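Undergrad: Handing you a structure now.
The values are calculated or read from the model by the stated rules, or taken from the named source; none is laboratory data. The structure presented is a predicted model; accordingly, all values stated were derived computationally and were not measured. All Cβ positions, glycine included, derive from the backbone under ideal geometry; neighbour counts span all protein chains shown. Accessible surface areas use protein heavy atoms only, side chains included; no ligands, DNA or RNA. Shrake-Rupley method; radii C 1.70, N 1.55, O 1.52, S 1.80 Å.
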Amino acid sequence: MTGEDYSYLKNLVGNGYIQSPCLEMGAGLVGANVSDLLCRNGLQYYGADRIRGPMVDFVFDLDEPMESIRSAVSGIGEFGSILLANVLEHTFDPVRALDKACGMLRPGGTCIIITPAVWPLHDFPVDCWRPMPSFY
């Protein structure tokens, strides 16, 4: 997560766009999550990733079947917000990944998406594509 990403999310929190409980996808990358920002503002934070890590509460991959994802987050029900900050470019099927993320939201919930259009290719954990503005 870049400094600009963090500032943008801070603005969203300040304006009430992020609802509790919030699930942040890609939370396994140490130092790159927003748990401190959300918790300081009274929001319940959960982290998820395809790998275990200190801030990862749920281990699953958005490329998995929805039944596996629901099983991984059982006990929570639905989320008020889901944050996909620099995550979609690491999925093989971003449209299906978005459908799955939105399927974990309660009615009226928000899905916050940040994706790079211009960023160096990198192979951790996997780098599949770059969305262009017309994707949205």
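Undergrad: Restricting attention to segment 56-107, report how many residues are touching a helix residue (DSSP H, G or I) at 6+ places or on another chain (Cβ under 7 Å), small (Gly, Ala, Ser) and surrounded by 15 or more Cβ atoms within 10 Å (Cβ to Cβ).
TA: Residues that pass the stated criteria total 2.
Undergrad: Here is a follow-up. Just one of GLY28, GLY53, GLY47 is over 15 Å from CYS102 (Cα atoms), open to solvent by less than 40 Å² (accessible area, probe 1.4 Å) and part of a strand (DSSP E or B); which is it?
TA: One residue alone meets the criteria, GLY47.
Undergrad: Turning to a different aspect of this structure: For a quick check of your reading of the model, give me the residue pairs whose first member lies in segment 83-104 and is over 24 Å from LEU37 (Cβ atoms), whose second is open to solvent by less than 20 Å² (accessible area, probe 1.4 Å) and modelled with pLDDT under 85, with beta-carbon atoms closer than 8 Å and at least 6 apart or on different chains.
TA: PRO94/LEU88; PRO94/PRO131
Undergrad: Another one. Sort through LEU23, LEU38 and tell me the only one that's of a type in the set (A, V, I, L, M) and part of a strand (DSSP E or B).
TA: Selected residue: LEU23, the only one of LEU23, LEU38 that is of a type in the set (A, V, I, L, M) and part of a strand (DSSP E or B).
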